[in-house]
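K.L.:
Below are the structure tokens for one structure; questions will follow.
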Amino acid sequence: MPQLIKPTARLHRAWLESRDEWVRGTHQAGAGLRPADEPDSPAGFAAWVARLHAEEDESITPTPGWVHCSYWWMVEGDRILGAISLRHELNDMLLDHGGHIGYGVRPSERRRGLASWALTETLVPARELGLDRVLVCCSDDNVGSARTIEKAGGVLEDIRADHRRYWIAIS
């Protein structure tokens, strides 16, 4: 049974296995990995995980251009299946094409309903943040992600720069 957990340095090896399946350098939506992060070494991985936790802390001013964000990993046992993030607010860039929620499922675990499950689960903390709706975006050609968002109640607002923009009302 999959679970959503906070990122942990304990799963370094499992994360590397997942990352290598994606192919190094490939963007993993929802993971929060930035070019300056160095997740290969245990120390670099621990620093990245610590940054992810710090981004959630509302008492810490976010890096200019960024917003507070919560991260979870989709796991089954010690196997990382994917990641999902919840941005606490939108800046202009996120309103245009990033959205509140980003997610990615490792290639071998797709088509199991994990993204739908994780997206639905993430609506609970979004509601707890006081959001009454969330913006979720996907590439215009990503049919699977569009279906996932629509299944969660997403209503297409428009398509901008090859990204579909959906709003999900949180009841």
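K.L.:
Within segment 67-128, considering only strands (runs of 3 or more DSSP E) that don't extend past its boundaries, which have at least 1 residues that are open to solvent by less than 20 Å² (accessible area, probe 1.4 Å), within 16 Å of Ile5 (Cα to Cα) and of a type in the set (Phe, Trp, Tyr)?
P.N.:
In segment 67-128, 69-76 are the strands (runs of 3 or more DSSP E) which contain 1 or more residues that are open to solvent by less than 20 Å² (accessible area, probe 1.4 Å), within 16 Å of Ile5 (Cα to Cα) and of a type in the set (Phe, Trp, Tyr).
K.L.:
If you go through segment 11-40, how many residues are over 16 Å from the mean Cα position of the chain (by Cα) and either open to solvent by less than 50 Å² (accessible area, probe 1.4 Å) or in contact (Cβ under 8 Å) with a residue 60 or more places away in the chain (or both)?
P.N.:
Looking only at that region, the number is 8.
K.L.:
Tally up the residues in segment 1-44 that are farther than 17 Å from Trp72 by Cβ and aromatic (Phe, Trp, Tyr), please.
P.N.:
Selection size over segment 1-44: 1.
K.L.:
When you look at Leu52, is it among the hydrophobic types (A, V, I, L, M, F, W, C), surrounded by fewer than 16 Cβ atoms within 10 Å (Cβ to Cβ) and either free of Cβ contacts under 8 Å to residues at least 60 places away in the same chain or part of a helix (DSSP H, G or I) (or both), yes or no?
P.N.:
It is false that Leu52 is among the hydrophobic types (A, V, I, L, M, F, W, C), surrounded by fewer than 16 Cβ atoms within 10 Å (Cβ to Cβ) and either free of Cβ contacts under 8 Å to residues at least 60 places away in the same chain or part of a helix (DSSP H, G or I) (or both).
K.L.:
Output yes when any residue across segment 163-171 is within 25 Å of Glu76 (Cβ to Cβ) and not aliphatic (A, V, I, L, M), and no when none is.
P.N.:
no
K.L.:
Among (1) of a type in the set (Asp, Glu); (2) part of a loop (DSSP other than H, G, I, E, B); (3) surrounded by 14 or more Cβ atoms within 10 Å (Cβ to Cβ), there is one condition Glu58 misses while meeting the rest; what is its number?
P.N.:
(3)
K.L.:
For the condition out of contact with any strand residue (DSSP E or B) (no Cβ under 9 Å at 6 or more places or on another chain) and either under 30 Å from Ala9 (Cβ atoms) or among the charged types (D, E, K, R) (or both), what is the one hit in Asp141, Asp96?
P.N.:
Values: Asp96 fails: out of contact with any strand residue (DSSP E or B) (no Cβ under 9 Å at 6 or more places or on another chain).
Answer to the check: Asp141.
K.L.:
For Ala43, are the conditions met, namely being within 17 Å of the chain's Cα centre (by Cα), open to solvent by 30 Å² or more (accessible area, probe 1.4 Å) and more than 24 Å from Ala115 (Cβ to Cβ)? Show your work before the answer.
P.N.:
On the way: within 17 Å of the chain's Cα centre (by Cα): no; open to solvent by 30 Å² or more (accessible area, probe 1.4 Å): yes; more than 24 Å from Ala115 (Cβ to Cβ): yes.
No: the conditions fail for Ala43.
K.L.:
Here's a follow-up. Tell me which residues, restricted to segment 143-171, are assigned to a loop (DSSP other than H, G, I, E, B) and either surrounded by fewer than 16 Cβ atoms within 10 Å (Cβ to Cβ) or touching a helix residue (DSSP H, G or I) at 6+ places or on another chain (Cβ under 6 Å) (or both). So that I can check it myself, show each step before the final result.
P.N.:
So the first thing to find is which residues in segment 143-171 are assigned to a loop (DSSP other than H, G, I, E, B), and the list is 152-154, 161-162, 170-171.
Ala152, Ala161, Asp162, Ile170, Ser171 - these are the residues of segment 143-171 that are assigned to a loop (DSSP other than H, G, I, E, B) and either surrounded by fewer than 16 Cβ atoms within 10 Å (Cβ to Cβ) or touching a helix residue (DSSP H, G or I) at 6+ places or on another chain (Cβ under 6 Å) (or both).
The values are calculated or read from the model by the stated rules, or taken from the named source; none is laboratory data. It should be emphasised that the depicted structure is a prediction, and the values quoted were computed from it without experimental measurement. Don't worry about glycine lacking a Cβ; one is built from the backbone with ideal geometry, like all the others, and counts go over all protein chains shown. Accessible surface is based on the protein model in full, side chains and every heavy atom, while ligands, DNA and RNA are left aside. Shrake-Rupley method; radii C 1.70, N 1.55, O 1.52, S 1.80 Å.
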